[in-house]
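Since the structure comes first, as structure tokens, the remarks are kept for the end.
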Amino acid sequence: MGGMGGIIEMPGVTDSEALATLHRVFGYEAFRGEQEAVIEHVVAGGDAVVLMPTGGGKSLCYQIPALVRPGTGIVVSPLIALMQDQVDALRALGVRAGFMNSTQDFDERRVVEAEFLAGELDLLYLAPERLRLDSTLDLLSRGKIAVFAIDEAHCVSQWGHDFRPDYLSLSLLGERWPDVPRIALTATATDATHQEITQRLHMPTARHFVASFDRPNIQYRIVPKADPKKQLLTFLREEHSGDAGIIYCLSRKSVESTAEFLSRNGIEAVPYHAGLDAGTRAAHQSRFLREEGLVVVATIAFGMGIDKPDVRFVGHLDLPKSVEGYYQETGRAGRDGLPSTAWMAYGLNDVIQQRKLIQLGEGDEAFRRRAAAHLDSMLALCETAQCRRGQLLAYFGQDPDPAGCGNCDTCLVPPETWDGTVAAQKVLSTVVRLQRERGQKFGAIQIVDILLGKRTAKVIQFDHDQLSVFGIGEELAEGEWRGVVRQLLAQGLLAVEGEYGTLVLTEASGSVLRREREVPLRKEPKKPATSRSASGSSGKGERKAKAAATELPEELQPAFEALRAWRAEQAREQGVPAYVIFHDATLREIATAWPTSVTQLGGISGVGEKKLATYGEGVVEVLASLGGAPGSAPTSGSASAVDGDPGADDWPEMDAEPEPEDWI
Ligand code: ADP
Ligand code: ZN
């Protein structure tokens, strides 16, 4: 967002009603990126398919047309649990918004229906399963509709884990209301999903808007997994103490145990997964939105539509199934544009586990092939020695900065690589010998023990100390061998088979054994790099309790804190999340600009007409009570973002590594 300066010059709708609405209702100075073009197109009655990362500003793309065009904007959203909050936030802006869903009783619904029919609603939120009902369609045809907005439009994709069958019925909107523009929005960036949305929603003449998917304020880091819970604790303590964030785990069991572990260690954390009853889930979600500094430990069931702007970190203790999933989940960090971290611990067992899940999971051969391709891309991201952001953007078909981003682990601390050809041959020949000479298949642990020449009970039981490869790998440590095996699996030079995750050769293995190709590998750090060695773009090293104050000059901190305390009180009184009153970014600007009158406050980004009327005097009083401004400082700020998605929850339970298991 801009400072308090003049209005930025733009071609097109500069003096339009759309821009006037942006100023008056939302208090923002200028449109961002594609917003202006999208809004202009939809206001004029055109259909649009919009791909924008989370925090990119999708909501305005349909909210402003709904306000500018006559009639009500109908917003189709799968997120029933968030509708109340969305509507509250709009009402705080003076927008006449309502929703209809199963959480309401008959009378509440009747009120909303009457408001809609009387033309008293700017926006009406509906779940797709409600929209489909004849009674709803009938109601809608008796009122005036400004625009149909289909949010989280990737839910039409049968391949994605957010698939909602009811989204398919949305194709009828175009037939039934040919004159009402439709806008489909998603933060899922792949071309395949893009095509699917266009086809399944029957939007052949829509204009397509694809924003940049870069999230420059998110620092991407993937660390080798050793003792994941401890590593997580260190990361949180050193870099995100007192911050709100989300930690993703694969299974319900690990969600529970991680939340419990963090709580025991003084970090307030609550679990969230599909196995919890609806009441508990809603309570935990609500706490996350309303409290500051709460950590939610969750399966992928948590996150879609969570528009909390100040999520400072997203962590992964297990490997996501795809780059799409990883991007969606990490994208929930830093919607407010302030520095945030995407942190993941990743190790050999993640690879084995995911490969096993694909093999043993449901679905036909084509499904498995697709899942494997998705996993391969995810593994390539984990193993790359290049810029992670560059790899992400390239995955989504966008052009990365060839010089690297400077804000991911591989840019900050470039990993060393080494020629792992001989090591790879040793691993592969051990697998070959076991199979050829003994007709046996074993998992990674046994292979590594053989290479290291360890006479474990299992090595002795199977006479593996008699193999010619026994002890040929003493030059590397156990962790390094695990790293070699992991990278061979990731590169498809080795495969995992069956329930026990035994290692077998692939077609590509032969070329390594025949010395026809080299195998460059990433060096395993002796000791995992601590978070500090990759401290963020702020260059300030460790930060104190509250990340929100990031980069605000020290003399302005008291004002910022006073404003936050005032905001917390307002939020409590009204029972809404604090960010519904004002975002941190807005409070920062207020502290920086130090308005001494309500009129001056009105010039600040994020302070619209309604909020000025409601809170103007309160804010000015808070500042006045602190005495004069401690001298001026330049304003700063930016914004960015991605969206989230829930998903299937019936993951097999999974152990943290290392896994002292029988693999045979
Ligand atoms: P998305 O739905 O794409 O994830 P949002 O619509 O929630 O993103 O917008 C992300 C954040 O950016 C919100 O806090 C929003 O108020 C803010 N924002 C959106 N557009 C603008 C703009 N033109 N100027 C300033 N802030 C904006
Ligand atoms: Zn980078």
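Read-outs: derived from the displayed coordinates by stated rules, not from any lab. Keep in mind the model is a prediction, meaning the values are calculated, not measured. Here the Cβ positions follow ideal geometry from the backbone for every residue, glycine too, while neighbour counts run over all protein chains shown.
Over the alpha-carbon set of the chain, work out the extent along each principal axis and list the three values in angstrom, largest first.
Taking the Cα atoms of the chain, the three principal extents are 85, 61, 46 Å.
Once you list every other residue whose beta carbon is under 12 Å from the beta carbon of G33, what net charge do they have if Lys and Arg are +1 and Asp and Glu are -1? Show your work: numbers first, answer last.
On the way: positive: R32, K58; negative: E34, E36, D214.
Result for the local shell: -1.
Using packing as a proxy for protection, rank 317-329, 130-142, 423-435, 346-358 so that the peptide with the highest average count of other Cβ atoms within 10 Å comes first. Present the calculation step by step, with values, prior to reporting the outcome.
Numbers: 317-329: 24.8, 130-142: 13.8, 423-435: 21.2, 346-358: 22.8.
For the peptides 317-329, 130-142, 423-435, 346-358, the packing ranking is 317-329, 346-358, 423-435, 130-142.
Determine the shape class of region 554-624: with a ≥ b ≥ c the square roots of the Cα gyration tensor eigenvalues, call it rounded for a/c under 1.5, and otherwise prolate if a/b is greater than b/c, oblate otherwise.
Oblate is the answer for region 554-624, as a/c is 1.5 or above yet b/c matches or exceeds a/b.
How high is the FRET efficiency between E437 and T234 when r is their beta carbon distance and R₀ equals 51 Å, given to the nearest 0.05?
The calculated FRET efficiency here is 0.70.
Size of the dipole of the chain about the Cα centre, Lys and Arg at +1 and Asp and Glu at -1 on the beta carbon, nothing else charged, in debye to 20?
In total the dipole reaches around 940 debye.
Rounded to whole Hz and in sequence order, give me ³J(HN,Hα) for region 260-277 from the Karplus expression 6.51 cos²θ - 1.76 cosθ + 1.60, θ = phi - 60°, writing x for Gly and Pro.
5, 4, 5, 4, 4, 9, x, 10, 5, 9, 10, x, 8, 7, 5, x, 7, 6
What whole-number distance in Å separates the alpha-carbon centres of region 361-386 and region 161-178?
When both Cα centres are located, 29 Å separates them.
Which residues' amide hydrogens lie under 5 Å from the amide hydrogen of V75, considering only partners 5 or more residues apart or on another chain, with H built in the peptide plane?
Here L124, Y125, L126, A149 satisfy the definition.
If a/c stays under 1.5 just call it rounded; otherwise compare a/b with b/c (prolate if a/b is bigger, oblate if not). Do that for region 218-412, with a ≥ b ≥ c from the square roots of the Cα gyration tensor eigenvalues.
Here region 218-412 falls in the oblate category.
What is the sum of charges, Lys and Arg at +1 and Asp and Glu at -1, for the other residues whose Cβ falls under 11 Å from the Cβ of V469?
Cβ neighbours under 11 Å give a net charge of 0.
Highest mean first, how do 452-461, 330-339 rank when packing is the count of other Cβ atoms within 10 Å averaged over residues?
Packing proxy ranking, top to bottom: 330-339, 452-461.
V598 to S286: extension gain in nm, 0.36 nm per residue of separation minus the Cα-Cα distance?
Roughly 109.1 nm would be gained on extension.
Distance cut-off 32 Å, Cα to Cα: go down the list K58/K229; K321/K523; K230/K454; K58/K356; K230/K308 and report the pairs above it.
Working: K58/K229 35 Å; K321/K523 24 Å; K230/K454 28 Å; K58/K356 38 Å; K230/K308 27 Å.
Those over the limit are K58/K229; K58/K356.
If I take every Cα pair under 8 Å that is 6 or more residues apart in region 15-210, average their sequence separation and divide by the length, what percent do I get for the relative contact order?
Relative contact order, region 15-210: 30 percent.
Just for the chain, what percent of DSSP beta bridges are antiparallel, to the closest 5?
Here the share of antiparallel DSSP bridges comes out near 10 percent.
According to the square roots a ≥ b ≥ c of the eigenvalues of the Cα gyration tensor, what is the shape class of region 15-210, taking rounded for a/c under 1.5, prolate for a/b larger than b/c otherwise, and oblate for the remainder?
In terms of gyration-tensor shape, rounded.
Taking K and R as +1 and D and E as -1, what net charge do the other residues with C-beta under 13 Å from the C-beta of C387 add up to?
Once positives and negatives cancel, what remains is -1.
With runs of 4+ DSSP H residues as the only contributors, calculate the mean residue ellipticity of the chain at 222 nm using -39,500 (n - 2.57) per run, divided by the residue total and rounded to the nearest 500.
Value at 222 nm, helices only: -12000 deg cm²/dmol.
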